[in-house]
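Worksheet: one structure, shown below.
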Amino acid sequence: MTTATTTGLPRLLPRDGGRPEDWRLHMARFGPIPYRGSTGRLIDDVREAGLTGRGGAAFPAHRKLAAVAEAAANQRVRPVVIANGAEGEPASDKDATLLWLAPHLVLDGLQLAAEAAGADRAILYTHEDRRDDVGRRLRAELRQRRDDRVDVVLATAPPRFLAGQETALVNHLGGGPAVPRFPLPRVTERGLDGVPTLVQNAETLAHMALIARYGPRWFRQLGTGAEPGSLLTTVRRGGDGRPRIVEVPFGVPLMSLLGDLEDAGAVLVGGYHGTWLPTAQAMRLRLDNESLRSAGAAVGAGILAALPGDRCGLAETARVVRYLALESAGQCGPCLNGLPRMSAALTALATGRAAGRAAASARADLERWAGLVTGRGACHHPDGTARFVRSALRTFAGELDRHERGRCGAANRAPYLPVPSLTARTEEDWL
Amino acid sequence: MSEKLLVNPIDCDGHGACAELLPEMITLDEWGYPVIDDRPVPPALARDARSAVSACPKLALRLTRS
């Protein structure tokens, strides 16, 4: 059951409310890296801690570590470990914030993961230019670190939605475009340069650095039994839509994060591959996968957005789906064909161009295409887009009815959810 | 030991040969791409499944042991 105590937070972010922790501050707060002296010992601690991946899939972190360590031993090669700080999701800003405010926790976690897996190469993959020249600062901080046993190479992610997808990342670091490949063999078996590769979200590595210091029992003092610990969330509510990055325990009521939402039109949980929920339903849920699953939603990468009541959820959905369709790598037939059609149908409904019988058939098309693209891509881009679209059809059913009759409930037409204006046009845009 | 059909959707160009040879387990969607029954291939269809795999001009279809 939930123990949503908030004592001991923040764990990852600086305590004094936002001063970036350079090497000196980091050493003062956390001390040197607690190397474990052998491969594998950290894996047991991470398993006992119950750490799950914070990149969105919530996969048990110890299983990926163990898979890479084992594959490398079997193949008699040294694996490579990668800190994934690519945050292609426009509604998320938590990894960029973590890398800005507490880069050394991520880098400590990367060293510890390298030791646990037996790796001799480590890479930090980020959007270097996204925030205040984070690349220059990371390079400077890397030079300060004297206890690193494995050299860390910085690599830049292209500004694409899928840049952080595991196989796209490996493709890109191998010199190719950041587009997904077929998921078999898994990158844990054959990844970058053909060796077993550990791709771990930046925040996940930061939690590992704390588990190595304070142990699994300490880690489990926050969160739920199934999902222990804390997580970083990107929370949007209110007029300007600017996000707050908040570290909370798993199991915290959504209401306590979003506040009084009487005026909100709907709540988006989990970002652009996530789920729209009616406000009243969202208010009864907690931020953990057990609770959210009951509503067909998931924590994902911890993105929450309360759509103000004066905006049109259909217009927001149409704008985001157009972006998602343009961000398809275009490699798989169902995604290449289905996403642009879903985008066009949503735009027609949102703008009122499809009314009456045309609207009814657009709604039926959307449901059918959502079913048709799900599970049929090399990556989960079509699945996530379909989930987002279907949840919009459910949550904004009343708005759809109004649009069918040529009306729209929105008083404010300014876009709320962030969508980049630049989209890929040529293959070079993925490099 | 049972076998399942697996398509690599990146390699698949929607030629449709597989659906002609194994209509019991493969249909084409409205854009011509295969929708594959992901249950184990019944023994009676094992031969047709092998024909479908070898007929794919992109070598995008395979049988996997589970």
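Just so it is clear, none of the values below were taken in a lab; they were calculated from the coordinates. As the structure is a computational prediction, the values presented were derived from the model and not from experiment. Cβ atoms come from the backbone with ideal geometry, glycine included; neighbour counts cover every protein chain shown.
Descriptive notes on the structure:
- When the range A:40-63 is limited to residues that are of a type in the set (A, V, I, L, M, F, W, C) and farther than 18 Å from A:D108 by Cβ, the one that is surrounded by the most Cβ atoms within 10 Å (Cβ to Cβ) turns out to be A:A58.
- Scan of the range A:174-186 for residues that are touching a residue at least 12 places away in the same chain (Cβ under 8 Å) and either under 19 Å from B:V7 (Cα atoms) or of a type in the set (F, W, Y) (or both), ordered by number: A:V179, A:P180, A:R181, A:F182, A:P183, A:R186
- Counted residues, the range B:49-66 - those being surrounded by fewer than 20 Cβ atoms within 10 Å (Cβ to Cβ), within 14 Å of another protein chain (Cβ to nearest Cβ) and in a loop (DSSP other than H, G, I, E, B): 3
- Out of A:L366, A:L307, A:L324, A:L268, sole residue that is touching a residue at least 24 places away in the same chain (Cβ under 8 Å), under 13 Å from A:A386 (Cα atoms) and within 22 Å of the chain's Cα centre (by Cα): A:L324
- Scanning the range A:27-39 for residues that are surrounded by 15 or more Cβ atoms within 10 Å (Cβ to Cβ), assigned to a loop (DSSP other than H, G, I, E, B), within 28 Å of the chain's Cα centre (by Cα) and at positive phi turns up nothing.
- Wholly enclosed helices (runs of 4 or more DSSP H) of the range A:310-421 bearing at least 1 residues within 14 Å of chain B (Cβ to nearest Cβ), under 25 Å from B:A60 (Cα atoms) and in contact with a helix residue (DSSP H, G or I) (Cβ under 9 Å, 6 or more places away or on another chain): A:333-351, A:356-373, A:381-395
- Among the residues of the range A:404-420, not a single one is over 16 Å from A:R319 (Cα atoms) and under 20 Å from the mean Cα position of the chain (by Cα).
- Residues (within 17 Å of A:E87 (Cβ to Cβ) and either small (G, A, S) or not in a strand (DSSP E or B) (or both)) located in the range A:298-309: A:V299, A:G300, A:A301, A:G302, A:A305
- Of the residues screened, A:G56 is not one that is in a loop (DSSP other than H, G, I, E, B), within 15 Å of A:W218 (Cβ to Cβ) and in contact (Cβ under 8 Å) with a residue 60 or more places away in the chain.
- Filter result (more than 18 Å from A:G85 (Cβ to Cβ), more than 14 Å from chain B (Cβ to nearest Cβ) and touching a His at 6+ places or on another chain (Cβ under 9 Å)) within the range A:138-196: A:Q144
- Residues (of a type outside the set (D, E, K, R) and within 17 Å of the chain's Cα centre (by Cα)) located in the range A:230-248: A:S230, A:L231, A:L232, A:T233, A:T234, A:V235, A:P243, A:I245, A:V246, A:V248
- In the range B:22-48, the residues that are more than 13 Å from chain A (Cβ to nearest Cβ) and aliphatic (A, V, I, L, M) form Cβ pairs under 6 Å with partners that are in a strand (DSSP E or B) and surrounded by 13 or more Cβ atoms within 10 Å (Cβ to Cβ), at six or more places apart or across chains, as follows: B:V41/B:E3.
- Test result for A:V199, more than 16 Å from A:A57 (Cα to Cα) and in a strand (DSSP E or B): no
- Annotation: of all residues in the range B:6-17 being within 11 Å of the chain's Cα centre (by Cα) and within 13 Å of chain A (Cβ to nearest Cβ), the one that is farthest from A:R376 (Cα to Cα) is B:G16.
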